[in-house]
Amino acid sequence: MRRGFGHAAAFTDFQRYARLCAKTRINSKFSVKDLLFSPLEKKSVALRIAPGNHLCPRVRYIFITGGVVSSLGKGLTAAALGALLEQRGLKVRLQKFDPYLNVDPGTMNPYQHGEVYVLDDGAETDLDLGHYERFTSGTLSRQNNLTSGQVYESVIQKERRGDYLGKTVQVIPHVTNEIKERLKSAGKGVDVLVTEIGGTVGDIEGLPFIEAMRQFALEVGKQNVAFVHVTLLPFLAAAGELKTKPSQQSVAKLREIGIQPDVLVCRTERPLDDDIRAKLSMFCNVPVRAVIEEQDVGSSIYELPEMLAKEKLDDIVLDLLGLKTRKRPNGAWREIVRKLKKPKRRVTIGVVGKYIELQDAYKSVYESLTHGGIANDCGVTIVRLDAEAVEKNPAKMLAKLDGVLVPGGFGGRGIEGKIRAVQYVREKGIPYFGLCLGMQVAVIEFARHVAKLKGANSTEFDTKSPHPVIHLMPEQKGIKTKGATMRLGSYDCKLPPRTISRAAYGKDSVRERHRHRYEFNNDYRELLTKAGLLIAGVNPGRDLVEIVEVAKHPWFVGVQFHPEFQSKPTRPHPLFAAFIKAAIARHGKK
Ligand code: GLN
């Protein structure tokens, strides 16, 4: 029998059977003759791993922790590993555990947290879930982002209900049980569940998650679990070498809790030589083969799957988990990277926003523009423009662009700059794509300058506007709390014929994700339509305007939803693809 990499000698019959069961599922060539024990034994073992029993070893668990510093790109590493495992034919799901006490990141501002990524079911989650959905095929749900805030909320609710029957409620076992429950439920129906633990090993907040992970491995059997630790190897110019000490110390921190990482993924600016690999192996107690080099990606995050495959990360993890799968097909990610590195053409897109200096605030928007480029074999240079600066001199900042995008946002700062930007591109025929707030400012601009409604605005920015073309829905008016109270998640959108959007989607009905409070005011629908605004998408149930376009413009589309949450490099969103196509056409005319 094949022995798992790095594992100690003997397996019990139970473990052996479990592995063979798993093989049956993944490798159809497996025959019953491979079973090495008697039918009676088989029956008794089978009972113990019956479906529904969380000990069912068909689910394998990978835990990703981070050491030394934050922002190591653990989320990307997890996502890229997920992509590699999917290529092997496995059903993979990724999830994130966040140690902070917020119930979800929906109430945090972009300076604190970067983008809030919205799922189909309306969950407001960490932006790493965006990477997971972009790199793998599964659609995630609120099950897949657990915060300490949620854990404590649930434990305290149970305590108040009296569920703990008078016991003292403690971190171990009550909080850790809550965390383990989530692992069991999220693992249902998949071959491999990859769980990233946010934060850095050694943080006080992260301890219950790491303890739960240790207990969980004990319960389901270590042979079903792989611990991957992502760490940093700083390069010290004075010494002229990469330093391993911080990694040694963060592995020591993990071992203090009883976790020995199986794989060390080393973020590094320079290649790892054999000496460094040997040193890390010895001090961190990890086989040399499992010391993985992860250099900073040259031009795109989509290089990562291939880079990690070269280091055989997937093979190592599969060995650890005792999984035998098909070989990795070549190509998929290579072709994407080829298009990104050597595109046939190039366009420049301006993104006019409020948090432009932040790398992460509009993450999915930037990624989706890149995907739109992939669809057209076109490189996309993104120019980030501060809305307040654009207000002062739109021509100087926008004239040379091939397209302009205004992303989502909240609050009044920069609004007039965004409206000026829209006016400029509408008048000059520059392709425009407005997302959520970007659609709302397009409606305001059109109302003010085309329909001549003086003072038109959204009631978010001017409660006394004489023409509130964007307003609060009646059901939003009574809401006082901020957490999870917006229009959130996927809604249907019907697309009438003869519009840019309908042509791009190639169908008459779509579902898109939302995160907003304000809506197009239907009292102005007739007036604005008469002035030339096209209603190109409507939510059928509530008759809400979802898409507006401007007739007699090469490409002007504003959407009330967030298409950027459904775009992948392997499946670029149709509107982003069409926007980049329009930008290419514009570029050709210059
Ligand atoms: N602030 C606007 C609203 O709440 C737009 C929100 C957004 O762009 N996500 O409706």
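Could we say that residue 407 is surrounded by 20 or more Cβ atoms within 10 Å (Cβ to Cβ) and over 25 Å from residue 530 (Cβ atoms) here? Taking the combined requirement at face value, the residue satisfies it.
For first residues located in the range 420-431 and within 13 Å of residue 446 (Cβ to Cβ), partners that are in a helix (DSSP H, G or I) and of a type in the set (Gly, Ala, Ser) and lie 6+ apart or on another chain with Cβ distances below 6 Å form the pairs 422/442.
Does residue 287 satisfy being at pLDDT 95 or above and open to solvent by 20 Å² or more (accessible area, probe 1.4 Å)? So residue 287 passes the test. For first residues located in the range 548-577 and closer than 15 Å to residue 374 by Cα, partners that are among the β-branched types (Val, Ile, Thr) and more than 15 Å from the ligand (Cβ to nearest atom) and lie 6+ apart or on another chain with Cβ distances below 6 Å form the pairs 569/336; 569/374; 572/374. Among the residues making up the range 212-229, a single one is open to solvent by 10 Å² or more (accessible area, probe 1.4 Å) and in a strand (DSSP E or B): 227. Residues of the range 230-250 that are under 21 Å from residue 320 (Cβ atoms) and either in contact with a Pro (Cβ under 9 Å, 6 or more places away or on another chain) or part of a strand (DSSP E or B) (or both): 230, 231.
Output the residues belonging to the range 329-351 that are in contact with a Pro (Cβ under 8 Å, 6 or more places away or on another chain) and assigned to a strand (DSSP E or B). Once the filter is applied, which keeps residues that are in contact with a Pro (Cβ under 8 Å, 6 or more places away or on another chain) and assigned to a strand (DSSP E or B), the range 329-351 yields only 351. Only one entry of 188, 158, 222, 253 meets the criterion of being over 24 Å from residue 58 (Cβ atoms), assigned by TED's automatic domain parsing to the domain that holds residue 313 and out of contact with any Pro (no Cβ under 6 Å at 6 or more places or on another chain), and that entry is 253.
Against the condition open to solvent by less than 10 Å² (accessible area, probe 1.4 Å), within 11 Å of the ligand (Cβ to nearest atom), in the same structural domain as residue 380 (by TED's automatic domain parsing) and within 18 Å of residue 583 (Cα to Cα), how does residue 425 come out, does it pass? For residue 425, the condition - open to solvent by less than 10 Å² (accessible area, probe 1.4 Å), within 11 Å of the ligand (Cβ to nearest atom), in the same structural domain as residue 380 (by TED's automatic domain parsing) and within 18 Å of residue 583 (Cα to Cα) - is not met. Against the numbered list (1) touching a Lys or Arg at 6+ places or on another chain (Cβ under 6 Å); (2) open to solvent by 20 Å² or more (accessible area, probe 1.4 Å), residue 375 comes up short only at (1). Within the set 161, 142, the sole residue that is open to solvent by 20 Å² or more (accessible area, probe 1.4 Å) and over 24 Å from the mean Cα position of the chain (by Cα) turns out to be 161.
Considering the range 516-534, the residues that are open to solvent by less than 30 Å² (accessible area, probe 1.4 Å) and part of a strand (DSSP E or B) include one that is farthest from the ligand (Cβ to nearest atom), namely 533.
Here are some conditions: (1) farther than 19 Å from residue 362 by Cα; (2) open to solvent by 30 Å² or more (accessible area, probe 1.4 Å); (3) within 16 Å of the ligand (Cβ to nearest atom); (4) among the small types (Gly, Ala, Ser). Residue 465 meets all but one. Which one does it not meet? Evaluating residue 465 over (1) farther than 19 Å from residue 362 by Cα; (2) open to solvent by 30 Å² or more (accessible area, probe 1.4 Å); (3) within 16 Å of the ligand (Cβ to nearest atom); (4) among the small types (Gly, Ala, Ser) leaves (2) as the failure.
Taken over the range 485-515, the criterion of being away from the ligand (no atom under 12 Å from the Cβ) and assigned to a loop (DSSP other than H, G, I, E, B) is satisfied by 495, 496, 497, 498, 499, 506, 507, 508. For the range 442-455, residues that are over 17 Å from residue 535 (Cβ atoms) and either basic (Lys, Arg) or within 16 Å of the ligand (Cβ to nearest atom) (or both) total 3.
The values are calculated or read from the model by the stated rules, or taken from the named source; none is laboratory data. All figures in this text were calculated on a predicted structure; none of them were measured in a lab. Using ideal geometry, Cβ is built from the backbone for each residue, glycine included, and neighbour counts are taken over all protein chains shown. What goes into the accessible areas is simple: the full protein's heavy atoms, side chains included, and nothing from ligands, DNA or RNA. Shrake-Rupley method; radii C 1.70, N 1.55, O 1.52, S 1.80 Å.
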